[in-house]
Amino acid sequence: MHEQTILKLAALAGLLAVGSFLVLGTTRLVLGFETAQTVAAPLFAGGFVLAALVFVLSVLGKVGAIELENE
C-alpha cells in the first residue's frame, strides 16, 4: 500500500468531518436542528469510519503487518 493512499484517506476523513459541521450549521438555519442533524450525520459517520481505518492502517504499517511503499 502506498503512503499517499493513507494520506488521501486521512484528508478525506478531515474534509468529511468539517463538511458535516458546515452542513449542520447551514441546514440548521433553514430546516431546524433535528433535520440538520439527520442530514449531517452520514458525513460525520463516514469521516469517523475513515479516520478509524487510517488509524488501523497506520498501526499495521508501523508494526510491519502491511508493507508501506514510499513513492
Close pairs (9 angstrom Cβ cut-off, 6 or more residues apart or separate chains): within 14 Å of GLU3 (Cα to Cα) in the range 34-62, among the acidic types (Asp, Glu) and part of a helix (DSSP H, G or I) anywhere: GLY61/GLU3
Matching residues, the range 27-48, being in contact with a helix residue (DSSP H, G or I) (Cβ under 8 Å, 6 or more places away or on another chain) and either under 17 Å from LEU9 (Cβ atoms) or hydroxyl-bearing (Ser, Thr, Tyr) (or both): THR27, THR35, LEU43, PHE44, GLY46, GLY47, PHE48
Residues being of a type outside the set (D, E, K, R), open to solvent by 90 Å² or more (accessible area, probe 1.4 Å) and not in a helix (DSSP H, G or I) - total across the range 18-71: 2
Selection from the range 2-17 of residues that are hydrophobic (A, V, I, L, M, F, W, C) and open to solvent by less than 90 Å² (accessible area, probe 1.4 Å): ILE6, LEU9, ALA10, ALA11, LEU12, ALA13, LEU16, ALA17
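The values are calculated or read from the model by the stated rules, or taken from the named source; none is laboratory data. Just so we're clear, the structure is a prediction, and the values are computed from it rather than from any experiment. Glycine also receives a Cβ, built like all others from the backbone with ideal geometry; neighbour counts cover every protein chain displayed. The area values use the complete protein model at the heavy-atom level, side chains included, leaving out ligands, DNA and RNA. Shrake-Rupley method; radii C 1.70, N 1.55, O 1.52, S 1.80 Å.
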